[in-house]
Amino acid sequence: MEYVLSLEIIYLIASVTYILGLKMLGHPETARRGNLIAATGMTLAILGTIFLYEGEVPGFIYILIAIAIVLGTVLGWLKAKRVQMTKMPELVSLFNGMGGASAALIGLIEFGHYQGNTLSMITILGGIIIGSISFSGSMIAWGKLNGTFKKPLRLPKYNLLNNLIFLGIIAFAGYMVWSQSGSQLFLYILFFGALAYGVLFVLPIGGADMPVVISLLNSFTGLAAALGGFLYGNMVMLTGGILVGSAGTILTFAMCNAMNRSLVNVIFGGFGDTDSGG
Amino acid sequence: MTELIDFISNNFQMIYIVILMIFVGVEVIGHVPAVLHTPLMSGANAIHGVVIIGAILVMLGADPDNTLALALGFVAVLLGTLNVVGGFVVTDRMLEMFKKKK
C-alpha cells in the first residue's frame, strides 16, 4: 500500500494536471479552473519531492529550502497581487527570467558532478546556455515594457554580430564537451557569454513585439527545465518542460499570426518598422 | 556513435515521453482565441516553474560542506518559487479581469 503515495505516482498526477490545465486555459469558461488545477499539481509535486526524498539530508538543508520557498512565495504572491492590469505582461517576463536563472544555476552547480559523461555534460551545458539566455533576455524584455529601455538599441550589423556570437557560444560549448573540460573558468565564460547573448538578442527588438519575444523565451525556459529532467531522470520536469517548450513554440507562432507577421520578421526584423515609416 | 546508441536504448522511456509530449503540447494549443494568448503564455510560464524540483533536488543532494553549492541552490529554489507562485497568481488575476469584462 505504501506505493500509493510513491513519488512517481505523484509526478504522474502532476503531469496530467499540467496537460489538463493548459487545455482548459485555452477556453474562456474553463481557463481559471485550469490554472488552479495546474497549480495544485505543482504544489503536490513540490511537496512530494521534499517529503518523499530517499537519502540522508542534514536538517539545516531542509530549513534552507523552507526559507527559500516561504520567501519566494511571499514575494511572488505580493508582487503578482499588487501589479496593475497593464503591467502584467512585464511581470510574466520577470517571472520567466527567474525560472531561466534557476535552470542556469542548477547547471552551474551540477557541472562538476558529472565529469566524464558526455551526454550529461551536453545536458548541463545546454541548460546553462538556454537558461541564461532566457534570464537575461527576459530581463531586457521586462525593462523594455516598463520603460527602462524605450528605443530599440541596434549595434551596427547587429544581426550578423548576434548570429556570430551565438555560433561562438555553441562552438565553445562543443569544445568543452569534446575536450571533457572540467575548467570552472570555461564554465563561467560560457555562462556570461550566454547572458550577454540574451541581452543582445532582445535589445534590437521593438517594444510592441515584446509579447512574442516573451512567449519565445517562455518556451526556452521550458526546454531548460526539460534538460534538467533529462539530467536527473525526473519525469515531472521532463513532461512539464517539454509541454511548455512545445506549447510555447506553437503559441509564439499563433501570436505572430495574430499580428500578421512572421517570427523571423519579429526577431531579425527591423525592416518591418522602417517600411511603415516608424 | 556507440555512446549515442547506448544512450537511446538506456533512455528509451524518456525519449518516448519527449516525443509524445511535443505532440500533446501542439494539440493542446490548437485553436485558442487571441484574447487568451497572454493568459495562456502566463500559465505555461508558471508550469515551467517545475524547474524548482531540480533546484530542490540540488539542495537535497548537496554536500553539506559545500557552501557555494548551497548558496547557489538556495537562490535557485527562491527564484523557482517566484516563477511558480508569481506565475500562477498573475495568471489567475488576468483571468479574473477577463471574466469581469465579459
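Most tightly packed first, judged by the mean number of other beta-carbon atoms within 10 Å of their residues, the peptides A:98-111, A:53-66 read A:98-111, A:53-66. Averaging the Cα positions of each part gives two centres, and for segment A:84-99 and segment A:199-270 these lie 15 Å apart. In terms of overall dimensions, the C-alpha atoms belonging to chain B reach 55, 38, 16 Å along their principal axes, ordered largest to smallest. If the limit is 23 Å between Cα atoms, which of A:K87/A:K144; A:K87/A:K150; A:K79/A:K151 go over it? Correct reply: A:K79/A:K151. Near A:L119, once Lys and Arg are set to +1 and Asp and Glu to -1 for all other residues with Cβ below 14 Å from its Cβ, the sum equals -3. Largest first, the three principal axis extents of the alpha carbons in the protein assembly as shown are 63, 49, 38 Å in whole numbers.
In straight-distance terms, cross-link reach from A:K81 covers every one of the aspartates and glutamates whose alpha-carbon lies under 18 Å from its own, apart from those fewer than eight places away in the same chain; here that gives A:E90, B:D92, B:E96.
For the pair segment B:7-56 and segment A:137-171, the centres of their Cα atoms are 26 angstrom apart.
Computed over segment A:79-237, the quotient of the alpha carbon radius of gyration and 2.2 N^0.38 Å is 1.08. Of B:G80, B:G43, B:G25, the residue with the greatest mean-square motion in the GNM of chain B, using alpha carbon springs below 10 Å, is B:G25. Given +1 at the Cβ of Lys and Arg, -1 at the Cβ of Asp and Glu and no other charges, the dipole of the protein assembly as shown around its Cα centre is 1760 debye to the nearest 20. Summing Lys and Arg as +1 and Asp and Glu as -1 over all other residues whose Cβ lies under 15 Å from the Cβ of A:E56 gives a net charge of -3.
Under a Gaussian network description of chain A, with springs only between Cα atoms under 10 Å, the residue in A:L203, A:L187, A:L78 that fluctuates furthest is A:L78.
Here, each number is a calculation from the coordinates, and none is a lab measurement. Here the structure is a predicted model, which means the values were calculated and not measured. Cβ atoms come from the backbone with ideal geometry, glycine included; neighbour counts cover every protein chain shown.
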